[in-house]
1. Taking segment 61-75 as the region of interest, how many residues are buried (at least 24 other Cβ atoms within 10 Å of the Cβ) and of a type in the set (A, V, I, L, M, F, W, C)?
2. From 135, 139, 170, grab the single residue that is within 19 Å of residue 37 (Cβ to Cβ) and modelled with pLDDT of 90 or more.
3. Given the structure, is residue 202 farther than 21 Å from residue 160 by Cβ and either within 19 Å of the chain's Cα centre (by Cα) or not β-branched (Val, Ile, Thr) (or both)?
4. Let me confirm something: among 94, 66, 59, 7, which residue is in contact with a Pro (Cβ under 8 Å, 6 or more places away or on another chain), among the polar types (S, T, N, Q) and modelled with pLDDT under 90?
5. Here are 233, 222, 179, 245: which of them is in contact with a Ser or Thr (Cβ under 6 Å, 6 or more places away or on another chain) and modelled with pLDDT of 95 or more?
6. Collect the residues in segment 190-211 that are in contact with a helix residue (DSSP H, G or I) (Cβ under 9 Å, 6 or more places away or on another chain) and within 30 Å of residue 138 (Cβ to Cβ), keeping them in residue-number order.
7. Evaluate the following for residue 219: is it over 17 Å from residue 145 (Cα atoms), surrounded by fewer than 15 Cβ atoms within 10 Å (Cβ to Cβ) and touching a residue at least 60 places away in the same chain (Cβ under 8 Å)?
8. Across segment 76-103, what is the total count of residues that are of a type in the set (Ser, Thr, Tyr) and either outside any loop (DSSP other than H, G, I, E, B) or crowded, with 19+ Cβ neighbours inside 10 Å (or both)?
Amino acid sequence: MAGRLRSAGPGVTCILAVTGAKGGTGKTTTAVNIAAAFAGLGYRVEIRDLDPQASATRSLGQPPESDPARAKPLPLRHALLPSGMLLLRPAGRSLIQVEQGKQTAAEFVTPHWGWNADLLVLDCPPALGALTMTALGVADVALVPLEATPLAFHGLTDLREALTEVPRKAKLRAVLTRVQRRRLLTTEMRERIEETFPGVLAQAEIPEDVRAAEAPGEELPVMLFAPHSAASVAYAALAKEMRKVLRL
């Protein structure tokens, strides 16, 4: 697999784009925590923040970069992580220029850094603009976090159509987030999504969890802030599912 992904950077083995056309679905939380989960499993992981709002950057305790194109990945160290296994390439407001067509997206999505990664996690903006479409064009898997609402169908339909517009076809996967299992709507939406998009929805689902909401304030993924929380257990299960899809 590594040979066909060299455009993403030297040594990068797999690319996971966490994406969605709708904000507020837990996209950045999912990107940050699945990256931390893979790092905890012993993989070398880089999370690349492609959102001009720099939500992943801020939630990991780093300031936004004035020039993200020149920013080098920053090692994120924690007692629960193997040393040097998780890095962040920060974002900044100048990424807006890419969406406005003033800069090319490739230099942000596929720069050639020397760090050797097993997995590159791309936290995409909540829109199908230049950065997201470029990310989809290099990804092995496009993972879409969804809330259990009727709008989830629109999000998956939009992403499936977007994947037909890029030369390289990523595998489409989705995960339900902020799940309240006692709600009948959750069960109904899971059944409808599985019927409409067979094989796309992950078995793991991320529950509504106050610890996940608190984690960005502590500048940590919930996987590290509260490793035994319900959300952390769910993200660990999701990472194991994605490991099989990515064939890592």
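The values are calculated or read from the model by the stated rules, or taken from the named source; none is laboratory data. This one's a predicted model, so the numbers in the text were calculated from it and none came from an experiment. Don't worry about glycine lacking a Cβ; one is built from the backbone with ideal geometry, like all the others, and counts go over all protein chains shown.
1. 0
2. 139
3. Answer is no for this residue.
4. Criteria check complete, one pass: 94.
5. 222
6. Those that are in contact with a helix residue (DSSP H, G or I) (Cβ under 9 Å, 6 or more places away or on another chain) and within 30 Å of residue 138 (Cβ to Cβ): 193, 196, 197, 200, 201, 202, 203, 204, 205, 206.
7. Spelling it out, residue 219 is indeed over 17 Å from residue 145 (Cα atoms), surrounded by fewer than 15 Cβ atoms within 10 Å (Cβ to Cβ) and touching a residue at least 60 places away in the same chain (Cβ under 8 Å).
8. 1
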